[in-house]
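Have a look at the structure below, then the notes.
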C-alpha cells in the first residue's frame with residue numbers, strides 16, 4: 001500500500017459513509033510492514049514479520065458522532081462498517097461541538113522516510129540484534145538482558161474528510177531496545193532499560209552503541225544498593241525521570257480536555273507563572289528527521305513548533321478541533337489531535353524540548369549537601385491534583401563526598417509545587433528516543449522516606 | 001480464495017493448512033471486537049467499535065522460532081505467513097539455537113470451549129449500554145455539590161480464537177469481557193480530590209456486577225472523592241498494614257506473579273533457584289488460574305492458552321513454600337515440567353508470551369473485624385491506583401484510601417499513599433489472613449510489551465510494609 005492507495009481507500013470509505021446516511025465523515029487509513037527480532041534471556045529468540053492495513057471512519061449525523069475501526073478491506077465488510085458507524089451516530093446523544101475541521105496548509109517534514117530502511121530484511125535486523133547483545137556483553141558481563149528487540153518498519157498513512165482534507169505521509173523507523181539488570185552473585189540490581197530510535201539507516205548502529213553504553217552504566221550503577229535516609233530536601237531528576245514523571249503531569253494539565261472537564265489545576269493560569277523562571281518548554285513535532293515527527297495530526301491539521309512554557313509562564317493549552325470548538329472565544333486547533341487511525345482523535349503532545357540550564361550535571365548537588373538522585377520514578381501521580389508518591393529507581397544518595405546507590409526510597413509531594421521549586425537545570429541534555437530533548441532538573445524541599 | 005465467516009470455519013481452514021506442514025507449526029485465528037462508551041461531565045464523548053482479526057503463525061525449526069501474521073484471512077495469505085515464519089525461524093536459529101530441537105509432547109486441548117455471557121451481552125442494545133454509562137455518571141455528579149466533574153466508561157471485548165498445532169492442538173472458544181469505570185472529582189477551596197471505582201469480568205453483566213451494583217460503585221466513587229477532600233497525608237515509614245483484596249491482588253500479581261514467570265526467572269529474577277524454599281509465611285498459599293476460582297467471572301479467565309494448552313490452576317506458593325513457576329511450552333521443556341497454560345497473545349499479530357491469568361492468595365480463617373481489633377497501630381489500605389515491581393521483588397503500589405488503625409479501631413481516612421517493600425519479605429511478615437475472597441482487578445490490564453486482561457484478588461491480609469508519606 002502506498003499513500004495514493006490509502007487515499008483511495010479513505011475516499012471509498014467516505015462514499016460508503018455518505019451512502020449510509022452520514023452528513024459528514026472523516027476516514028483515516030494506515031499501512032505498515034515490519035520486521036522485528038526479539039531478544040529473550042540474552043539471546044535472539046524469535047524473528048517476526050507482519051503487514052497490516054487499518055482504517056478508522058468517523059461519521060457525523062446531525063450533531064451526533066459514530067466511529068468504527070477495522071482491518072478488513074473486503075468491500076462488503078467495509079460497507080457494513082460504514083453502516084455500523086452511522087447506526088451508532090443515530091443512537092448516540094447529540095453534541096453541538098462534534099464537527100470536522102476545514103483544510104489547512106500542510107508542508108511535508110524532511111528526513112522521515114529512508115528507502116534504505118525498506119530494504120532491510122529479517123537477516124539484517126537479526127544481525128543488529130545479535131551485535132547489540134555482543135556489545136552489552138563486552139561492556140560488562142554482569143549485565144543480563146532480560147528482553148529486547150530490534151525492528152525496522154515502513155508505514156504510510158492518509159486522511160480524507162468530506163470537508164475537503166486530503167493528506168498523506170510515509171515514514172520509516174528503526175528501533176532498538178534493551179531491558180534487564182546487573183547481577184553480581186546474590187546482588188540483583190533494579191531493572192533498567194534504554195533504547196535508540198531513528199528514521200535513517202545511516203548512523204543507526206552508532207546510536208545503538210550509545211544506548212548500550214547508557215544501559216550498561218545504569219544497570220551496573222545499581223549494584224550494591226543499600227539503605228537510604230529519610231529527610232526533607234532536594235532531589236535531582238535524571239533526564240529519564242523528567243521525561244516519565246515531571247513532563248506527563250504538566251503537559252496533561254495543559255490539554256484542553258482536562259481544562260474543560262475541571263481536571264486541570266492550570267485552568268486559570270494562562271500567562272501566569274506555573275514554574276520556576278529557569279524552565280522553558282517547547283513543543284516541536286516537525287523536527288526534520290525526528291523519530292516522531294509528522295506533518296499533520298490525527299485530524300489532518302498542521303503540526304507546528306511553539307513554546308508551551310516560557311521562563312516559567314504558561315503560554316497556552318493544547319487543542320484538537322473538538323476542544324477548540326467547545327472552548328469557543330475563537331480558539332483554534334493547535335495541531336494536537338492525537339491517536340492512531342484506530343481511535344477517535346484525542347488531545348496529546350508532540351516532541352518536547354526543555355531548554356538547557358546553566359549548571360553542569362555533575363554540579364547539580366554541591367559538596368556538603370545531601371540529595372537524592374532519581375534515575376527513574378516508579379510511582380503514582382494523581383493527574384488532577386498533582387500529588388505524587390512513589391519509589392526511586394536507580395536512586396543515589398548524593399552528598400558528603402559520596403554517591404551511593406539506594407533502594408526502598410520513596411519520594412512524595414506535588415508535581416505543580418515541585419515545578420515552582422526547581423532550583424537548577426543541567427547544561428547537558430539527552431534525546432529521549434525522539435519523544436523529548438531534556439536536561440536533568442533539581443528541585444528543593446521534597447519528602448524522602450527510606451525503608 | 002476461501003473466506004472465513006467465523007471461528008468454526010477458521011478451525012477447519014487452519015487444520016487443513018497445518019496438515020500440509022512439516023515440523024512444528026502453530027496457527028492461531030484471533031478475531032476481536034470491542035465496543036466502548038465514554039461519558040464525561042454529562043456528555044457521551046466516545047461511542048465506538050473496533051474490529052480486528054487475523055492469523056498469527058509460529059514455526060519452530062532448527063531450534064529457532066519464527067513468527068508472522070496476516071490480517072488477510074484466506075488460505076493463500078495464511079500459507080505465505082507460514083513461509084515467512086519459517087524463514088524467521090531459520091534466521092533466528094543461525095544466531096542462537098535453543099537447547100532442544102522439538103517441543104516435548106504434552107496434553108493439548110481439542111474441542112470448543114465457549115465461555116458464558118456471550119448471549120447476555122450480545123442481547124443488550126447500544127442504547128442500554130449508553131444508558132448505563134450516562135445514568136451512573138449523572139449519579140456521581142448528583143451525589144454532592146462538592147463533585148466538580150464525573151466520568152463513566154463502559155467497554156466490552158468479544159474474542160474468538162481457533163488454535164491448531166501440528167502436534168495435536170485443535171481448540172476454539174469465544175468469550176466476552178465487560179468493564180466499567182466510574183470516577184469523581186471533588187473540590188473545596190481550590191483543593192481537588194478524586195475517587196475511582198472499576199470492575200471487570202469474563203462473562204455477562206451478572207458477573208460484572210457480582211460484588212457491587214453500578215449504582216453502588218458510583219456512590220462509592222463520589223463518597224471517596226468527597227471524604228478525601230478533608231483528609232491529610234499519611235506519615236511515611238515502615239508500618240503494619242491490612243491490605244484489602246484489591247491491594248492483595250496487586251501484590252500477588254505485580255510483586256510475586258511477575259517474578260515467577262519462567263522467562264523472568266531465567267533472566268535472574270529474585271525467584272530463581274528458590275523452588276522448594278520457604279519464601280512466605282505458612283499462612284500464604286498463592287495460585288494463578290485460567291479458571292475463575294471461588295466464584296465465576298474473574299477478568300483473566302481463559303479456557304485454553306494460545307499454545308493450545310488447557311489453562312488450569314497452578315499453585316505457586318503452598319503454605320509458604322515456592323512450588324512452581326508459570327510456564328509456556330518452551331520454558332516447561334527447559335525446566336522439565338508440564339506447561340501451565342500461561343502462553344497468551346493480545347491480538348493476532350502478537351506472539352504468545354508467558355502471562356498471568358487470575359492470580360490470587362487463598363483465603364484463611366480470620367474475620368476482618370478480628371484483624372482490625374488485634375492491630376494496635378497501623379493502616380487499612382484499599383483502592384488500587386497502579387502498581388509496578390522489579391526483578392528484585394521490590395514493588396510500588398499507589399493506594400487510593402488509607403484508614404488509620406489505632407488501638408484496634410479503624411479511625412480517620414488519609415490521602416492516597418504509596419505502598420512499597422520487597423515482595424517476599426512482605427509475604428514472610430503475613431500474620432493474619434481473612435476468610436473473605438474477592439476478585440478485584442478485573443478492570444486491569446497487565447503490560448509486558450503487549451497488554452493482557454488479567455484479574456487478581458484474595459482475602460484481607462495483615463503484614464509489614466513501607467508507606468510513602470510526609471517527612
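Against chain B, whose longest principal axis is taken from its Cα atoms, helix B:126-141 shows a tilt of about 20°.
A simple spin-label model places the labels of residue A:63 and residue B:15 5.6 nm from each other, with each point 7 Å out along Cα-to-Cβ.
Taking other Cβ within 10 Å of each residue's Cβ, how do B:228, B:180 sort, fewest first?
Values: B:228 22, B:180 26.
By the 10 Å Cβ count, ascending, the order reads B:228, B:180.
Each of B:324, B:230 was scored by other Cβ atoms within 10 Å of its Cβ. Arranged with the fewest first, they read B:230, B:324.
Calculated FRET efficiency, residue B:100 to residue A:186, Cβ-Cβ distance, R0 = 30 Å: about 0.55 to the nearest 0.05. On C-alpha positions alone, give me the angle between the axis of helix B:214-229 and the longest principal axis of chain B, in degrees, nearest 10. Roughly 50 degrees, rounded to the nearest 10.
Among the residues of B:37-50, the average count of other protein chain beta-carbon atoms within 10 Å of the residue beta-carbon is 6.
Centroid-to-centroid, using Cα positions, segment B:140-187 and segment B:428-471 are 19 Å apart.
Work out the FRET efficiency for residue A:91 and residue A:18 from their Cβ-Cβ distance, taking R0 = 25 Å, and round it to the nearest 0.05.
On the way: r = 19 Å, r/R0 = 0.77.
Calculated transfer efficiency: 0.80.
A full extension of the chain between residue B:22 and residue B:436 corresponds to an added length of 143.9 nm, given 0.36 nm per residue minus the alpha carbon distance.
Look at the stretch B:315-323: the mean tally of other chain Cβ atoms within 10 Å of its residues' Cβ atoms is 0. Computed over chain A, the per-residue total of -39500 (n - 2.57) for DSSP H runs of n ≥ 4 gives a 222 nm mean residue ellipticity of -7000 deg cm²/dmol, rounded to 500. Name all residues of segment A:303-321 having a backbone nitrogen under 15 Å from the label point set 7 Å from the Cα of residue A:102 along its Cα→Cβ direction, giving them as ranges. In segment A:303-321, the label zone of residue A:102 (backbone N under 15 Å from the point 7 Å along Cα→Cβ) covers no residue.
Between 0 and 90 degrees, the angle of helix A:75-91 with respect to the longest Cα principal axis of chain A falls at about 80 degrees.
Can you sort A:277, B:41, B:53 so the residue with the fewest Cβ neighbours within 10 Å comes first? Don't skip to the end; give the middle numbers.
Values: A:277 12, B:41 16, B:53 20.
Final ranking by Cβ density, sparse to dense: A:277, B:41, B:53.
Annotation for residue A:315 and residue B:145: the two label points, set 7 Å from Cα along the Cα-Cβ direction, are 4.1 nm apart. The modelled label-to-label distance between residue B:77 and residue B:373, using points 7 Å beyond Cα along the C-beta direction, is 6.5 nm. With 0.36 nm allotted per residue and the present C-alpha distance subtracted, the residue B:138-residue B:122 stretch has 3.2 nm of extension available. Calculate the mean, over all residues of peptide B:248-259, of how many other protein chain Cβ atoms lie within 10 angstrom of the residue's Cβ. Rounded to a whole number, the mean comes out at 0.
Placing R0 at 25 angstrom, the Cβ-Cβ distance between residue A:278 and residue A:304 gives a FRET efficiency of 0.50 after rounding to 0.05. Label zone of residue A:138 (point 7 Å out along Cα→Cβ, amide N under 18 Å): in segment A:145-176 this covers A:145. How many percent of the alpha carbon pairs in the protein assembly as shown exceed a separation of 38 Å? In whole percent, the share of Cα-Cα pairs in the protein assembly as shown beyond 38 Å is 44.
We did not get these values from a lab; they are worked out from the coordinates using the rules stated. Owing to the predicted nature of the structure, the values given are computational and were not obtained by experimental measurement. Positions of Cβ are generated from backbone atoms using ideal geometry, with glycine treated the same way; all protein chains shown enter the neighbour counts.
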